[in-house]
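Notes follow once the structure below has been shown.
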Amino acid sequence: MAEGDNKSANMLAQETAQLEEQLQGWGEVILAGDRVLRWEKPWFPGALVGVTTMLFCLIYYLDPSVLTGLSCTVMLLCLADYLVPTLAPRVFGSNKWTTEQQQRFHEICGNLVKTQRRIVGWWKRLCALKEEKPKMYFASVISSLLSVAWIGQQVHNLFLTYLIVSFLLLLPGLNQHGIITKYAGMAKREINKLLKQKEKKNE
């Protein structure tokens, strides 16, 4: 068991080191984005929502076709991939890279690797469910897709995308400040109260 844990830890460290090397040119930008996403300043969440709202309003106003939107997105990604590693050291100053920043960059890369592993693990579990319990797999997938299709039919797709993107951008800050834990705990307590009341009524 310990040998397996050591092997997994070594693999995680190796994958993290590889990712750090790949993202080294984006280090300053990633750290700046991390500070914004974790709400190091009280006005950061408002700025996130404001920028996201402006971007989606622009998309709504321009109303580009799917092909145009996809082409523009890929073009911006290509430009960022070319320009950011070149301009970031000049903007942020590579000589300001401290041990604390390096440690935080290492933690971010480690979290990204762990997230990737979780996604792969979920996919493998889904594939295992398909092999072991095909009926349950079929019922779960079809019901989930039908629910998503119904939601998509009821809510405008651009507005739904805006809500999802806004939530994902605010999620790290909500988690960092314990807001999710707080309200999840409140919801859990309320559910437990309702269950206890139901049990008393049944008695």
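The values are calculated or read from the model by the stated rules, or taken from the named source; none is laboratory data. In this text, all values refer to a predicted model and were calculated from it rather than measured experimentally. Here the Cβ positions follow ideal geometry from the backbone for every residue, glycine too, while neighbour counts run over all protein chains shown. Side chains are part of the model used for accessible areas, which takes the heavy atoms of the whole protein and leaves out ligands, DNA and RNA. Shrake-Rupley method; radii C 1.70, N 1.55, O 1.52, S 1.80 Å.
Miscellaneous remarks
- The candidates 105, 44, arranged from most to least accessible area with a 1.4 Å probe in the full protein assembly, appear as 44, 105.
- Other residues within the sphere of radius under 14 Å centred on the Cβ of residue 124, judged by their own Cβ, net out at +2 (K and R +1, D and E -1).
- Cα centroid separation - the stretch 128-173 against the stretch 67-94, whole Å: 30
- For the stretch 1-94, the spread of Cα positions along each principal axis, largest first, Å: 58, 36, 33
- Relative to the longest principal axis of the Cα atoms of the chain, helix 66-88 runs at roughly 50 degrees.
- Taken over the chain, the percentage of Cα pairs per 10 Å bin, counting from 0 up to the bin with the maximum distance, is 7, 17, 29, 29, 14, 4, 1, 0.
- Fraction of accessible area attributable to carbon and sulfur, the chain (%, probe 1.4 Å): 65
- Only protein heavy atoms count here; on that basis, with a 1.4 Å probe, residue 59 has an accessible area of about 60 Å².
- Against the main long axis of the alpha-carbon atoms of the chain, helix 179-202 sits at an angle near 0°.
- For chymotrypsin sites (Phe, Trp or Tyr not before Pro), the sites in the stretch 34-80 that DSSP calls loop and that have at most 13 other Cβ atoms within 10 Å are 43.
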